[in-house]
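The values are calculated or read from the model by the stated rules, or taken from the named source; none is laboratory data. All values reported here derive from a predicted model rather than from experimental measurement. Cβ sites come from the backbone with ideal geometry, for glycine too, and all protein chains shown count toward neighbours.
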Amino acid sequence: MSSYDAIIIGGGPAGSACAARLRKGGMEALVVDRALFPRDKPCAGWITPQVLERLDLAPEQYARHGVIAEVRAFHVSRLGSAPVEVSYGSPVSHAIRRCEFDKHLLERSGARVRTGAEVVSLERRAGRWVVNGEWEAPVLVGAAGHFCPVARMLGAKPSAEAAVAAQEAEFELTEEEAARCTLPDGCVDLSFAPDLDGYGWCVRKRRWLNAGFGTLRHGRLKAQLEQYLGTLRRRGVLPEGCRPAMRGHAYLLRGLARRPLFAEGVLLAGDAAGLAFDSSGEGILPAIVSGTLAAEAILAAGLRPERLDGAAYAAAVEKELGPRDQGRRGASWLERLGARFAFRSADFVRREVVEKRFLRRNGG
């Protein structure tokens, strides 16, 4: 059996961030993921400046490894209404393809990696965790998303949780289709449901488009997704007749998440812990932050894993990202009525939607 200082289940941004920090601190981690990288990951692929800062990754540096487009404009609307444009003179975010981004981060971590490996057993033996009867370590990190087997071991029940359900597709336009597309390169289109409990997105990244819809109201997802895609076709964003093959995924908003962040010798990070921001559903930055903090907790315990302080890790996560399980109510009829008119104001859209909710400026 192979031994490591930590075993990380999940090779996405949370797992790779954790592995990279452990390696820098002199510990050896094994990252286990059931997928083969590069793998198709349902995600809009829009990263904020804070992500690049945390990763110490310059856009021009990353461009050698994958598509990256500057985000300088947003088209924002309520579903079925005309969009308001918000433009910036310089890039305020970037758009990437997750299949390329995650592969690069995992390779850059320098960790031992076992991909294409399904987790079939997690056992606690003499103070150590044994995975699949093949690998052992004193500490286990769950970073495999909403359906992470480590989170389920700690009692998470994905089918019973109040998660966002989403459908999305990423596909490449032909040169002719890209030339006709009315959404500029690097522009993000956002369209909110009337109840404000869901929104559609379309992100242009060179010749690639990622379009989808996510909502807490699962019963409305199919209809609202079709309405949004139809709007994109009528506006000339999607090619006429384009019906991309959609993929589903789910994630928890931190205000509704009740999953424990730790147990004896176990830490959860990223979507496995339910850390996506309530305001936008962004999960990449919380994944990187929590993955790094998990590694810091492991390094602080050093060669005495029994000293792993899960409570201190959970407190550090909440200090960096904000409190969890605060409850979240739907918008009232008065708020919905106000939004109907407010979404016509470019100042409101810029200040309250783009900058506060998505760019996390001005107290967002």
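Every residue, every condition in (1) modelled with pLDDT under 95; (2) more than 29 Å from VAL31 (Cβ to Cβ), yes or no:
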residue	(1), (2)
GLU107	no, no
TRP135	no, no
GLY145	no, no
VAL150	no, no
SER159	yes, no
LEU183	no, yes
VAL188	no, yes
ALA193	yes, yes
Legend entry - ARG21 vs. criteria modelled with pLDDT of 95 or more, assigned by TED's automatic domain parsing to the domain that holds ALA143 and surrounded by fewer than 19 Cβ atoms within 10 Å (Cβ to Cβ): no
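If you check ALA82 against the conditions, is it over 18 Å from LYS205 (Cβ atoms), at pLDDT below 95 and either not in a helix (DSSP H, G or I) or not aliphatic (A, V, I, L, M) (or both)?
Numbers: over 18 Å from LYS205 (Cβ atoms): yes; at pLDDT below 95: yes; either not in a helix (DSSP H, G or I) or not aliphatic (A, V, I, L, M) (or both): yes.
Considered against the rule, which asks whether it is over 18 Å from LYS205 (Cβ atoms), at pLDDT below 95 and either not in a helix (DSSP H, G or I) or not aliphatic (A, V, I, L, M) (or both), ALA82 comes out as yes.
Could you identify the single residue in ALA193, ALA223, ALA178 that is small (Gly, Ala, Ser) and either farther than 23 Å from ALA82 by Cα or crowded, with 19+ Cβ neighbours inside 10 Å (or both)? Talk me through it step by step, then tell me what you get.
Values: ALA223 fails: either farther than 23 Å from ALA82 by Cα or crowded, with 19+ Cβ neighbours inside 10 Å (or both); ALA178 fails: either farther than 23 Å from ALA82 by Cα or crowded, with 19+ Cβ neighbours inside 10 Å (or both).
After ruling out the rest, the residue left standing is ALA193.
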Legend entry - Matching residues, the stretch 262-279, being within 24 Å of GLU123 (Cβ to Cβ) and either among the hydroxyl-bearing types (Ser, Thr, Tyr) or assigned to a loop (DSSP other than H, G, I, E, B) (or both): GLU264, GLY265, ALA269, ALA273
Legend entry - Considering residues of the stretch 24-63 that are aliphatic (A, V, I, L, M) and closer than 15 Å to PRO286 by Cα only, the residue surrounded by the fewest Cβ atoms within 10 Å (Cβ to Cβ): LEU52
Legend entry - Which numbered condition CYS202 misses (of (1) within 30 Å of ALA294 (Cα to Cα); (2) under 19 Å from the mean Cα position of the chain (by Cα); (3) outside any helix (DSSP H, G or I)): (1)
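The rows are residues; the columns are (1) modelled with pLDDT of 90 or more; (2) surrounded by 13 or more Cβ atoms within 10 Å (Cβ to Cβ).
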{"site": "LEU308", "(1), (2)": "yes, yes"}
{"site": "ALA312", "(1), (2)": "yes, yes"}
{"site": "ARG324", "(1), (2)": "no, yes"}
{"site": "TRP333", "(1), (2)": "no, no"}
{"site": "ARG351", "(1), (2)": "yes, yes"}
{"site": "GLY363", "(1), (2)": "no, no"}
Legend entry - the stretch 202-233, residues that are free of Cβ contacts under 8 Å to residues at least 60 places away in the same chain and either touching a helix residue (DSSP H, G or I) at 6+ places or on another chain (Cβ under 9 Å) or under 23 Å from VAL71 (Cα atoms) (or both): CYS202, ARG207, LEU209, ALA211, PHE213, THR215, ARG217, LEU229, LEU232, ARG233
Inset, instruction - Can you give me the number of residues within the stretch 152-170 that are in contact with a strand residue (DSSP E or B) (Cβ under 6 Å, 6 or more places away or on another chain) and either assigned to a loop (DSSP other than H, G, I, E, B) or not aliphatic (A, V, I, L, M) (or both)? - result: 5
Legend entry - Of all residues making up the stretch 28-78, the number that are under 23 Å from ALA166 (Cα atoms), touching a helix residue (DSSP H, G or I) at 6+ places or on another chain (Cβ under 9 Å) and in a strand (DSSP E or B): 7
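Take the residues of the stretch 225-273 that are charged (D, E, K, R) and more than 30 Å from PHE171 (Cβ to Cβ): which is farthest from the chain's Cα centre (by Cα)? Quick ask: steps written out before the conclusion?
Initial filter on the stretch 225-273 (charged (D, E, K, R)): 226, 233-235, 240, 243, 247, 254, 258-259, 264, 271.
Adding the requirement that they be more than 30 Å from PHE171 (Cβ to Cβ) leaves 254, 258-259, 264.
Working: ARG254: 12, ARG258: 18, ARG259: 17, GLU264: 26 Å.
In this case the residue turns out to be GLU264.
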Inset, instruction - Kindly indicate the residue of the stretch 236-263 that is farther than 30 Å from ARG324 by Cα and surrounded by fewer than 16 Cβ atoms within 10 Å (Cβ to Cβ) and also modelled with the lowest pLDDT among those meeting that condition. - result: GLY241
Legend entry - Among (1) of a type outside the set (D, E, K, R); (2) in contact (Cβ under 8 Å) with a residue 60 or more places away in the chain; (3) surrounded by 14 or more Cβ atoms within 10 Å (Cβ to Cβ) - the single one GLY80 does not satisfy: (3)
Legend entry - Sole exception among (1) surrounded by fewer than 20 Cβ atoms within 10 Å (Cβ to Cβ); (2) touching a strand residue (DSSP E or B) at 6+ places or on another chain (Cβ under 9 Å); (3) not aliphatic (A, V, I, L, M) for SER109, by number: (1)
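Could you grab me the full set of residues in the stretch 88-117 that are polar (S, T, N, Q) and part of a helix (DSSP H, G or I)? Steps first, answer last, please.
First, the residues of the stretch 88-117 that are polar (S, T, N, Q): 90, 93, 109, 115.
The answer is SER109, and nothing else.
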Legend entry - Criterion: within 21 Å of the chain's Cα centre (by Cα), on the phi < 0 side of the Ramachandran plot and not hydrophobic (A, V, I, L, M, F, W, C) - qualifying residue of GLU136, GLU107, GLU118, GLU123: GLU107
